[in-house]
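What follows is a short report on a single structure.
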Amino acid sequence: MTESSSSTPEGQTPRGGSTDAASADPVESDSAGEAKAPFGLRPSAGAGGTEQTLLQQMGGVSGLAYSAVPIVVFVVANSLVGMIPAIWIAIAVSLLIAVARVIRKEPLQPAISGVFGVVVCSFIAYRTGDAKGFFLLGIWTSLIYGGVFLISTVVRWPLVGVAWSVLNGSGFSWRHQRRALRGYDLATLSWTVVFIAKFVVQQWLYAADETGWLAFARIAMSYPLTALALLITVWAIRRANKIAELQTVTTAAGSGAQQGEEPPASGRPATG
């Protein structure tokens, strides 16, 4: 009886039967079969994956819009019925927004933060006896944030990179990659400029006793400047991810070459 034709000739690998090819892939896979990004970085969930993660930390686009409503309500109510009623109206509006967000099953933390912020700002306005005191917390918070972001860049621990690594458990290997570190430096400095610009403009308006313009500046400066800093942050994170992936592939390729067969001592054919 002749040998079955399905046997594999010597030196050839049967189709679909090799496991070595899969093991040579530098990208690891988890138990669910999904690709695991190098250095523990989460793979992007589509074109907008990184942006979505960052926006969620700020309560989403709706959270940015909701944060402006109590400010406008306070300024308008203060001009119509006085500061004390304006305080209670602003707090009531912030509570209604929080309840609406809970009913819509939106993230709870931004809703709670919004109410807490309005309560604290209202308390400061009450204690100072002036409506413009409603904006003091935001003014000095901007200065503190700007200083922290700037210091983190000076000591070579840019806060954008640190925060992203902590949120995703990716480690801090990017600090040893010059291009990734520069990207995070630029992103962190962009947030520094945002916070310092807010402080300078709003502190000047506060000193000039321009409560209405304070509200306008707080809202008008928040959206464009935050959007710009957010875009730079997304770019920096994607840049660091690509650099990490490239280094992982390079390391895996080098490791695979070292584990292969050693080449002959000389490539010259033996002579008689």
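The values are calculated or read from the model by the stated rules, or taken from the named source; none is laboratory data. As the structure is a computational prediction, the values presented were derived from the model and not from experiment. When we count neighbours, we look across all protein chains shown, and the Cβ atoms used for this are built from the backbone with ideal geometry, even at glycine. All accessible areas refer to the heavy atoms of the entire protein, side chains included, with ligands and DNA or RNA removed. Shrake-Rupley method; radii C 1.70, N 1.55, O 1.52, S 1.80 Å.
Within the range 153-162, take every residue that is open to solvent by 20 Å² or more (accessible area, probe 1.4 Å) and not in a helix (DSSP H, G or I) and give me the one that is farthest from Gly183 (Cα to Cα). If we take residues in the range 153-162 being open to solvent by 20 Å² or more (accessible area, probe 1.4 Å) and not in a helix (DSSP H, G or I), then Val155 is farthest from Gly183 (Cα to Cα). Would you mind stating whether Ser122 is among the hydroxyl-bearing types (Ser, Thr, Tyr) and at pLDDT below 85? No: the conditions fail for Ser122.
Yes/no per residue for (1) surrounded by fewer than 18 Cβ atoms within 10 Å (Cβ to Cβ); (2) modelled with pLDDT of 95 or more:
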{"position": "Ile144", "(1), (2)": "yes, yes"}
{"position": "Ile151", "(1), (2)": "yes, yes"}
{"position": "Trp164", "(1), (2)": "no, no"}
{"position": "Leu167", "(1), (2)": "yes, no"}
{"position": "Trp174", "(1), (2)": "no, no"}
{"position": "Arg178", "(1), (2)": "yes, no"}
{"position": "Ser190", "(1), (2)": "no, no"}
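The criterion of being out of contact with any strand residue (DSSP E or B) (no Cβ under 8 Å at 6 or more places or on another chain), part of a helix (DSSP H, G or I) and farther than 19 Å from Ile219 by Cβ holds for Phe149. With respect to the conditions (1) under 17 Å from Ala236 (Cβ atoms); (2) touching a residue at least 12 places away in the same chain (Cβ under 8 Å), Arg182 lacks only one, and its number is (2). Pairs are defined by a Cβ separation below 7 Å, a sequence spacing of at least 6 or placement on different chains, a first member in the range 125-144 that is more than 14 Å from Trp204 (Cβ to Cβ) and outside any helix (DSSP H, G or I), and a second member that is open to solvent by 50 Å² or more (accessible area, probe 1.4 Å) and not small (Gly, Ala, Ser); no pair meets this definition. When restricted to residues that are charged (D, E, K, R), open to solvent by 30 Å² or more (accessible area, probe 1.4 Å) and either in contact with a Cys (Cβ under 7 Å, 6 or more places away or on another chain) or touching a residue at least 12 places away in the same chain (Cβ under 8 Å) (or both), the range 89-124 contains 1.
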